[in-house]
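Working notes, structure below.
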Amino acid sequence: MLAPRTAVVPKKPDLYRVLLLNDDYTPMEFVVHVLMRFFAKDEEEATRIMLHVHHEGVGECGVFTFEIAETKVTQVMDLARANQHPLQCVMEKK
Ligand code: TYC
């Protein structure tokens, strides 16, 4: 006898915004570099996001599933710390 068919309805994964926070000390060029290296932005888009954060205090780098977002935050924070910049990167559930 055939097993009854059960519907397979995949759930959409929770998504997380990765955000950069402004500070007074991290060089603008470093923030642009971070956006290009870890968020695959070209120089124009990276500069636009960096200036948005500089003026508004916070800005979105990208939207990812939990593990990817966590990895991006760690990569940014590790590079900032290694360069002794106070840059802060956080994630928030959408
Ligand atoms: N405000 C910094 C400066 O004037 C630049 C900056 C931009 C720092 C974005 C952090 O997430 C940031 N050098």
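Just a few scattered comments:
- Each of residue 85 and residue 15 was given a label point 7 Å from its Cα along the Cα-to-Cβ line. The distance between the two points is 2.7 nm.
- Solution diffusion estimate, µm²/s, Stokes-Einstein, the chain, Kirkwood Rh from C-alpha pairs, 10 °C, viscosity 1.306 mPa s: 110 µm²/s
- Each Lys and Arg contributes +1 and each Asp and Glu -1, all at the Cβ; summed about the Cα centre of the chain, the dipole is approximately 680 debye.
- Karplus-derived 3J(HN,Hα) values for segment 62-68, using 6.51 cos²θ - 1.76 cosθ + 1.60 with θ = phi - 60°, are x, 10, 9, 6, 3, 5, 5 Hz; glycine and proline are entered as x.
- Cut-off under 5 Å, modelled amide H: who pairs with residue 41 long-range: 36
- Radius 12 Å from Cβ of residue 47, net charge of other residues (Lys, Arg +1; Asp, Glu -1): -3
- Counting only aspartates and glutamates at least 8 places from residue 12 when in the same chain, those with an alpha carbon closer than 16 Å to its own are 67.
- Accessible area per residue was computed with a 1.4 Å probe on protein heavy atoms; residue 14 scores about 90 Å².
- Residue 62 long-range amide H proximity, modeled H, under 5 Å: 18
- Efficiency of FRET from Cβ geometry, residue 94 and residue 28, R₀ 22 Å, rounded to 0.05: 0.20
- Taking a straight line from the alpha carbon of residue 11, these lysines sit under 28 Å away, with near neighbours fewer than eight places off in the same chain left out: 72, 93, 94.
- Segment 11-71: relative contact order as a whole-number percent, Cα under 8 Å and 6+ apart: 53 percent
The values are calculated or read from the model by the stated rules, or taken from the named source; none is laboratory data. A quick note: this is a predicted structure, and the numbers were derived from the prediction, not measured. FYI the Cβ positions are ideal-geometry reconstructions off the backbone, even for glycines, and counts take in every protein chain you see. All accessible areas refer to the heavy atoms of the entire protein, side chains included, with ligands and DNA or RNA removed. Shrake-Rupley method; radii C 1.70, N 1.55, O 1.52, S 1.80 Å.
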